[in-house]
Amino acid sequence: MLYRKIFFVVIIPVFCFGIWDVDTHNVNNWEIPITNYARFGAFGMWIPESTLFVGAGLLFGAISSADTLVSCSFFSGGETEYGPGLKNQNHDNPIVRIFSYPGDWPPPVDTFPMAPQIPLTRQEFWCCYNDCDSTLHIPQDGKPIGIEVYQTSFADTLTPIKDVIYIRYQIKNCTTSVISNAIITMLWLQTSMTWNGLVLNKWFYISPNDSFLIEDLGYCYDDSSAMGILFIKTPDDIGCSAYKVFPYTHIPIRDRERYLTMAGYNYATGIYDPYDSLDFAEWCYMSSGSFSLAPGETKELVIALIAAPYIGYDTLPLAIVARNAKQFYLDSLSTVIKECNNSLPGDKNLILRVLPNPFRSNLTINFQIPDNEAVIKIYDVKGRLIKHWGSELIRGLDKIVWDGTNDSGHELSPGVYFVGLAGRGHLSIRKIIKLSR
């Protein structure tokens with residue numbers, strides 16, 4: 001394929017004085033850099049077609065009193081208005097970084113109580129950042145809105161999602177006032193591709209008996225491949241409320257212009273036109289809003305970065321990847337995330353070890369509890385309870401051996417499961433993998 005001219009390079013912020021971290025998802029068909037300052041994908045690649053992904057980033061806009069504010073992660077000079085860490089953490093603190101699995105996982109729960117502790121896929125990154133440092137905002141134009149963002153990204157080698165990178169954004173209001181008229185946007189630089197498209201509430205048909213709906217998929221393509229950003233979950237289930245595209249020479253450069261664009265307006269004319277005519281484009285604003293955030297409230301945006309071959313103007317291969325990405329997230333990842341979020345924090349007095357892991361026939365579950373009132377449960381990836389040992393069965397023991405069957409004695413299929421040890425109001429969980437015998 002032929003690459004079109006790239007107008008500028010964005011790798012790290014020009015004011016890089018702290019732990020401005022970058023790690024790369026590289027276990028499946030993507031190589032995608034992830035940062036802890038609200039950008040991702042800078043000169044990443046979809047490997048099967050050597051297709052360049054130039055970069056994307058998070059924008060968050062709101063109207064506060066008389067001010068129209070947008071915290072932007074993607075400026076042509078390399079700047080970002082987000083700083084690594086939580087609101088009151090120094091950007092140069094070594095603890096403020098990307099935590100990776102496998103690697104230095106999990107993030108320390110005493111410092112980051114909101115961070116996930118259980119890896120759900122083959123490769124995961126977690127980090128946090130905020131827009132609360134006024135020195136990072138463009139002078140005479142912007143100022144902090146007052147949000148923290150907790151970001152988890154996922155990649156796996158499973159066939160249905162081998163062309164998928166997931167990013168889950170949790171946006172928290174760190175102020176004492178309601179954030180009103182909030183809009184969240186993915187700003188996407190598309191200069192490596194020729195054309196631009198949008199799939200909005202469209203049915204696709206593989207056969208008369210196999211059809212599916214794709215709701216919110218922005219994409220760009222050339223003569224051999226297509227890549228897209230799929231909205232899987234949006235605040236208040238709003239979906240994609242605006243999709244605006246620009247050549248490089250006409251991008252909005254002030255907060256008011258950015259916010260109007262995010263809200264679906266032509267910023268130059270003031271006319272409401274949320275979905276642009278699709279043609280050649282270099283910049284894309286894909287937005288969801290508006291919504292409000294109460295003090296201390298958190299809302300989510302979940303996206304999937306996807307890619308597929310593109311031959312003969314056929315979007316069906318990309319749509320199939322989008323369907324698989326959303327189905328896997330909703331059926332597997334989101335269910336386990338919900339279960340983990342509803343769990344109580346871990347207790348150092350609860351010790352849980354499993355071996356061998358992965359296992360084929362028997363798994364030894366070693367445990368230590370401060371008293372005899374504890375239970376052990378095993379869940380599948382959809383959060384369903386499949387095996388249970390009550391306190392009366394494990395009282396006085398320090399290990400049990402599981403033969404890979406459910407409570408009915410039927411052998412379980414190979415796959416990912418979770419062992420949980422609960423006692424004294426706390427919970428410890430381990431991810432396990434069952435192989436074929």
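Scanning segment 420-429 finds one or more residues that are β-branched (Val, Ile, Thr), surrounded by 17 or more Cβ atoms within 10 Å (Cβ to Cβ), within 34 Å of the chain's Cα centre (by Cα) and assigned to a strand (DSSP E or B). Restricting 50, 73 to those that are assigned by TED's automatic domain parsing to the domain that holds residue 181, in contact (Cβ under 8 Å) with a residue 24 or more places away in the chain and crowded, with 24+ Cβ neighbours inside 10 Å reduces the list to 73. Entry remark, segment 148-172: residues being farther than 24 Å from residue 75 by Cα and touching a residue at least 12 places away in the same chain (Cβ under 8 Å) number 10 in total. Checked against the criterion of being at negative phi, crowded, with 23+ Cβ neighbours inside 10 Å and not aliphatic (A, V, I, L, M), the candidates 41, 142, 61, 55 yield just one match: 61. Across segment 94-113, which residue is farthest from the chain's Cα centre (by Cα) among those that are more than 19 Å from residue 144 (Cβ to Cβ) and touching a residue at least 40 places away in the same chain (Cβ under 8 Å)? The qualifying residue farthest from the chain's Cα centre (by Cα) is 94.
Sort out which residues of segment 379-427 are farther than 17 Å from residue 364 by Cα and among the polar types (S, T, N, Q), and write them in order of number. Hits for segment 379-427 are 391, 408, 413. Only one entry in 176, 194, 121 is in contact with a Pro (Cβ under 7 Å, 6 or more places away or on another chain), farther than 24 Å from residue 254 by Cα and touching a residue at least 40 places away in the same chain (Cβ under 8 Å), namely 176.
Among the residues of segment 114-133, those identified as under 22 Å from residue 428 (Cα atoms) and either more than 14 Å from the chain's Cα centre (by Cα) or part of a loop (DSSP other than H, G, I, E, B) (or both) are 114, 115, 116, 117, 118, 119, 120, 121, 122.
To keep it simple, each residue is scored yes or no on (1) of a type in the set (Val, Ile, Thr); (2) farther than 23 Å from residue 191 by Cβ; (3) in contact with an Asp or Glu (Cβ under 9 Å, 6 or more places away or on another chain).
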| residue | (1), (2), (3) |
| --- | --- |
| 257 | no, no, no |
| 261 | yes, no, no |
| 266 | no, no, yes |
| 279 | no, no, no |
| 286 | no, no, yes |
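When the strands (runs of 3 or more DSSP E) confined to segment 144-206 are screened for residues that are over 20 Å from residue 24 (Cα atoms) and out of contact with any Asp or Glu (no Cβ under 9 Å at 6 or more places or on another chain), those reaching at least 2 such residues are found at 179-189. Can you find a residue that is surrounded by 23 or more Cβ atoms within 10 Å (Cβ to Cβ), part of a loop (DSSP other than H, G, I, E, B), among the small types (Gly, Ala, Ser) and not assigned by TED's automatic domain parsing to the domain that holds residue 420 anywhere in segment 88-111? No, segment 88-111 contains no residue that is surrounded by 23 or more Cβ atoms within 10 Å (Cβ to Cβ), part of a loop (DSSP other than H, G, I, E, B), among the small types (Gly, Ala, Ser) and not assigned by TED's automatic domain parsing to the domain that holds residue 420. Taking the stated definitions as given, is residue 304 surrounded by 14 or more Cβ atoms within 10 Å (Cβ to Cβ), in the same structural domain as residue 141 (by TED's automatic domain parsing), in contact with a Leu (Cβ under 6 Å, 6 or more places away or on another chain) and not β-branched (Val, Ile, Thr)? Yes: the conditions hold for residue 304. Scanning segment 183-211 for residues that are at pLDDT 90 or above and of a type in the set (S, T, N, Q) yields 185, 201, 211. In segment 22-59, the residue that is farthest from the chain's Cα centre (by Cα) out of those that are of a type in the set (A, V, I, L, M) and assigned to a loop (DSSP other than H, G, I, E, B) is 54.
The values are calculated or read from the model by the stated rules, or taken from the named source; none is laboratory data. Computed from a predicted structure; not experimentally measured. Backbone-built Cβ (ideal geometry, glycine too); neighbour counts: all protein chains shown.
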